[in-house]
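Enquirer: Quick one: the structure is below, and I'll ask about it shortly.
The values are calculated or read from the model by the stated rules, or taken from the named source; none is laboratory data. Only a predicted model underlies this, so the values are computations on that prediction, with no experimental measurement involved. Surface accessibility is based on the protein's heavy atoms, side chains included, excluding ligands, DNA and RNA. Shrake-Rupley method; radii C 1.70, N 1.55, O 1.52, S 1.80 Å.
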Amino acid sequence: MNADLQRLAAEALSRGGIDGLPDGHFIDGAFVAARAGGSFESVDPGTGKAFARFAAGDADDVADAVSSAERALAGPWGRMKPAERGRILTAAAALIRANAHRLAVAECLDVGKPIGEALGDVMGAARAFEYYAGAADKLEGETIPLGRDTFAFTVNEPVGVTAHIVPWNYPISTTARSLAPALAAGCTAVVKPAETTPATALMLAALLVEAGLPAGVVNVVTGFGGEAGAPLVAHAAVRHITFTGSVATGQRVMKAAADNVTRLTLELGGKSPLVVLADADLDAALEGVLGAIYENAGQICSAGSRLVIERSVHAAFVEKLVARAAALTIGHGLRNPQVGPVNSAAQLAKVEGFVEAAKARGLAVAVGGKRTTDPETGLGWFYEPTVLDDLAADDPIVQEEIFGPVLAVQVVDGFEAAVAAANGTQYGLVAGIYTRDLSKALTFARDVDVGQVYVNEYFAGGIEVPFGGNRLSGFGREKGLQAVTSYCKLKSVAVRL
Ligand code: NAI
Ligand code: MG
């Protein structure tokens, strides 16, 4: 780890927090207290102790933020040349990089994740602004041939005010991946970060203004889902909602959007399979599996939470996997362990509930299977890296999103059974495969009903590659140039000459 980051992390660890975190909503270019005056604590999952307070938003704060975003559309932002929008996004990327260490420490305290992962997320956020900066002046329309006497063309207009409902697992990168294309398209935005992780969205909004974004273009209202999220997604002036989170809340958001016929992108998580065929590079596959389920303590929408493995290599592979899982270092994120805490006491209870229910059904736990604490302090909300081996296809551990460091193993006989197992849940976000057989890899890619397929590297790709789900995992695509179209409304003009 870089010396400056190491110093900041050590300081934050010994003091249990950092100075100067914003504590208000960010509305019309300034931090403001909640209208009703309320606030709430954010807790460091690595200690279970509060380290900051944030404004508790409600419908009045949301109304202020949405009016601010509406005014900003009609102001200088709406008249700005696309290239100038692109320059501001480029400047934002540079400012995120310049402030990366402080952002990473804040993210680490709020989410719990290892500081190295947090820094990666911050750099990913910078990269999102850089990527979409280049798109701002390339949102070209088309001309449509109708013959000599008619001229027809299309124009990409910004949809208007956009809402961004962000979960707690990747706060800064999820915020950046939807804000950057929205801004590239010329939209304005109101962001509602998760109640357990509001810090970096606020810091990001302030950096955007520092980069030259006019006041009011990006607003952040902090607070709880029911109080701040619900009025935002129900607001008639919001013309697009990007929601990332649980299926149940996504369904609620979709119903609210129906009342105003608001456009919607839903990214709702999954139960993604990682298939290991007998012919694979098994060492590479082992690293892939460990990263797929234990990064961010398994709290990843696209986590490879099901290992689907051919019987002939299963026993030896799981033996190695169990040894590696047992040896992973656990600790406070600021000490950069391999596995950090789970984000909240509620999420820890949820993870524990799944595994305890499995034990009660008589299932054996191959490794892990209990809550734990930071070995240095005895504090925090940790869960041991866990493997449940050789599960039936209909077991809840196979079917349900646990969102924790719990891997379900399914043993299959042959390639076709592996494809069937991969498709065997209601989710359809990601599917990974490790094989040396190109034909099998591409047949798998053809036959799995998911938004993205990873071959021989789980989580392969970056901001350039479209990302989203099928079936219960949602719809719409983020990342890639494709994502900008979510924030554009297409107008066609036909002229009789
Ligand atoms: P959630 O879906 O309730 O929360 C996500 C975001 O939605 C938060 O910002 C929350 O404040 C907001 N929200 C909640 N109710 C809302 C409403 N009525 N209207 C508008 N916004 C609302 O997720 P939660 O309760 O934090 O986690 C529950 C489970 O969801 C997790 O155990 C995990 O399985 C899944 N999840 C999936 C994520 C993904 O990346 N797809 C991210 C986070 C959670
Ligand atoms: Mg927190």
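Enquirer: Can you work out ³J(HN,Hα) from phi for every residue in the range 440-449, in order, using Karplus 6.51 cos²θ - 1.76 cosθ + 1.60 and θ = phi - 60°, giving whole Hz and x for Gly and Pro?
Expert: Residue by residue, the range 440-449 yields 5, 4, 6, 5, 4, 4, 5, 9, 8, 9 Hz.
Enquirer: Let me ask something additional. Each residue of the range 243-253 in order: what ³J(HN,Hα) in whole Hz does its phi give by Karplus 6.51 cos²θ - 1.76 cosθ + 1.60, θ = phi - 60°, with x for Gly and Pro?
Expert: 10, 10, x, 7, 4, 4, 6, x, 5, 5, 5
Enquirer: Tell me the per residue accessible area of the chain using a 1.4 Å probe; a whole number in Å² is fine. Show your work: numbers first, answer last.
Expert: Values: 18970 Å² over 497 residues.
Computed with neighbouring chains in place, this is 38 Å² per residue.
Enquirer: Rounded if a/c is under 1.5, else prolate if a/b beats b/c, else oblate: with a ≥ b ≥ c from the C-alpha gyration tensor eigenvalues square-rooted, which is the chain?
Expert: oblate
Enquirer: Restricting to DSSP H runs of at least four residues, report the calculated mean residue ellipticity at 222 nm for the chain, -39500 (n - 2.57) per run over all residues, nearest 500 deg cm²/dmol.
Expert: Numbers: 16 runs with 193 residues, N = 497.
One gets -12000 deg cm²/dmol as the mean residue ellipticity at 222 nm.
Enquirer: Where does each of 61, 394, 28, 437 land when they are ordered by accessible area, with a 1.4 Å probe and the largest first?
Expert: Descending accessible area places them as 394, 28, 437, 61.
Enquirer: Something else now. Need the C-alpha centroid separation for the range 392-470 versus the range 87-137, integer Å.
Expert: Between the Cα centre of the range 392-470 and that of the range 87-137, the gap is 29 Å.
Enquirer: How large is ³J(HN,Hα), in whole Hz, for each residue of the range 281-289 in order, when computed from phi with the Karplus curve 6.51 cos²θ - 1.76 cosθ + 1.60 and θ = phi - 60°, using x for Gly and Pro?
Expert: With the stated coefficients, the range 281-289 comes to 6, 6, 5, 5, 5, 4, 4, x, 5 Hz.
Enquirer: Going through the cross-link list 359/479; 49/350; 192/370; 113/359; 320/359, which pairs have a Cα-Cα distance over 30 Å in this structure?
Expert: 359/479; 192/370
Enquirer: Whenever you get a sec, compute what percent of the accessible area on the chain sits on carbon and sulfur atoms (1.4 Å probe). Provide the component values of the computation, followed by the final result.
Expert: Values: 10200 of 18970 Å².
Ligands and nucleic acids excluded, carbon and sulfur reach 54 percent.
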